[in-house]
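All remarks here apply to the structure that follows.
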Amino acid sequence: MEQFIQPENIVYSVSQINGLIKNLFEESFGQITIEGEISNFRPNSTGHLYFSLKDKDSQIGAVMFRFKAAYLKFAPKDGMLVRCKGKLSVYEPRGTYSINIDSMELAGEGNILLMLEERKRKLAAEGLFDQSRKRELPIFPKTVGVVTSSTGAALRDIMQIVRRRNPTTSITIFPAIVQGMDAAPSIVRQIETANAFNMCDVLIVGRGGGSLEDLLPFSEESVVRAVAASKIPVISAVGHEIDWALCDFAADKRAPTPSAAAELCTPVKSEVIAYLQNKQNEYYTAIKSKVENLKLMVKQFSAENMETRFRSIEQPILYRFDIAKEELLNGMKDRLEETKVHIEKMRTVLEASNPNLILAKGYSMVRDKQTGKIIRSLSDTALGSEIEIVPASGTITATVTGGKA
């Protein structure tokens, strides 16, 4: 920094000194990167962010204006360790200086993990990680799509394994940036391209190993949503076995490494052929056994055997029919005899009740001549009334001249 030499016999005002300091600061420092802990975080209603950056010994004021804050990928909070890029600026009226921040990212691994955990809870609450959404991978994919760096070792490993396991499987490469600020949009764009044109049967999304910061693009919300929205089944293969990214939870299958992803989606051709041949032999043996059993069964149905079997079925039925017929006839005979006896009894009762037989014994019936009503007692008639006396034969007309009870 160039040393400022004060001319002799010149007295400066406060504003002039602050102006000189402002010019000295802003001309001497270009864009700088500063790391510190957020303190006294004060978001403004207009979208501007005001806070301090501090370490164990000192602090500096910081501001991030709305149009820059809109690109933040996390919600700043007090206590977060961040790495900021920006320019120093002096506020002349107060003689204070601060850093005007252009971009900010989490610096400490613990802060990154905290941010990822918050994002994971948010996306899980939306159902993006539900097991019910996950689909089975195709057994024999014709084309495997790979979204990764076109120059990375991960792609070479995937291609080598797929070609070794099944040379007939095609590989479609969707080259993407897998590290840095531009990685997430690049990955999303390639996933959407694969789906828009249905360019493969299964899609591997991933990269080789790296630091937690290197793998962050695969935990970006936009990437996780693109993986979850994919109509093509997705295998997430980010880093090594111990590495995890949020897209692992949204994918249909998670592979510990890109090489493992290639093995997951590509069956070994020779093993498939051997499996099919074994199944063919099993089916052939089973069908042959069935045919032999059917032949044995058919032999049992010769004309002689069929007649014997028919007779063995027919005879018991005919015997049961004859017994039933005899029982029916005997039952009908017994019922007729019972009916005859009952009719005879009824005839005897009816004959005993025949009035003509009674009259034939010397009895007569007396009735009122006018009404025809049977006279059963003296009270049924009166003196002077005409009556009819009906003996067994003929009718006698009389007049009542008297009576005795």
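The values are calculated or read from the model by the stated rules, or taken from the named source; none is laboratory data. Since we're looking at a predicted model, the values are computed, not measured. Cβ: placed from backbone, ideal geometry, glycine included. Neighbour counts: every protein chain shown.
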Just name the residue that is surrounded by the most Cβ atoms within 10 Å (Cβ to Cβ) out of those in the stretch 252-303 that are in contact (Cβ under 8 Å) with a residue 60 or more places away in the chain and among the small types (Gly, Ala, Ser). Ala261
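Inspect the stretch 47-60 for any residue being among the aromatic types (Phe, Trp, Tyr) and either in the same structural domain as Pro217 (by TED's automatic domain parsing) or within 53 Å of the chain's Cα centre (by Cα) (or both) and give the result as yes or no.
Checked the stretch 47-60: at least one residue is among the aromatic types (Phe, Trp, Tyr) and either in the same structural domain as Pro217 (by TED's automatic domain parsing) or within 53 Å of the chain's Cα centre (by Cα) (or both).
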Looking at the stretch 170-194, which of its residues are in a helix (DSSP H, G or I), surrounded by fewer than 18 Cβ atoms within 10 Å (Cβ to Cβ) and not basic (Lys, Arg)? Pro185, Glu192, Thr193
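Need at least 3 residues that are under 14 Å from Glu105 (Cα atoms) per element, so show me which strands (runs of 3 or more DSSP E) inside the stretch 31-79 make the cut, counting only ones lying wholly within it. Please lay out each step first, then the result.
Details: elements: 32-43, 49-54, 59-64.
Of the strands (runs of 3 or more DSSP E) lying wholly inside the stretch 31-79, those with at least 3 residues that are under 14 Å from Glu105 (Cα atoms) span 32-43.
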Surrounded by 13 or more Cβ atoms within 10 Å (Cβ to Cβ), polar (S, T, N, Q), farther than 30 Å from Met104 by Cα and at pLDDT 95 or above - does that describe any residue in the stretch 148-164? no
Filter the stretch 197-236 down to the residues that are within 21 Å of Leu155 (Cα to Cα), touching a residue at least 60 places away in the same chain (Cβ under 8 Å) and among the small types (Gly, Ala, Ser) and list them by number. Ser219
The stretch 237-254, subset part of a loop (DSSP other than H, G, I, E, B) and modelled with pLDDT of 95 or more, residue nearest to Val178 (Cα to Cα): Ala251
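Yes/no matrix, rows are residues, columns are (1) of a type in the set (A, V, I, L, M); (2) in contact with an Asp or Glu (Cβ under 8 Å, 6 or more places away or on another chain):
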position: Leu53; (1), (2): yes, yes
position: Ser89; (1), (2): no, yes
position: Gly108; (1), (2): no, no
position: Asn111; (1), (2): no, no
position: Pro141; (1), (2): no, yes
position: Thr151; (1), (2): no, no
position: Ala154; (1), (2): yes, no
I'd like the full set of residues that are in a helix (DSSP H, G or I) and without any contact (Cβ under 8 Å) to a residue 60 or more places away in the chain, limited to the stretch 131-154. Gln131, Ser132, Ala153
Consider the stretch 255-274. How many of its residues are modelled with pLDDT under 90, under 17 Å from Asp201 (Cβ atoms) and assigned to a helix (DSSP H, G or I)? 2
Test each condition in (1) buried (at least 18 other Cβ atoms within 10 Å of the Cβ); (2) modelled with pLDDT of 90 or more for Leu88 and report the one that comes out false. (2)
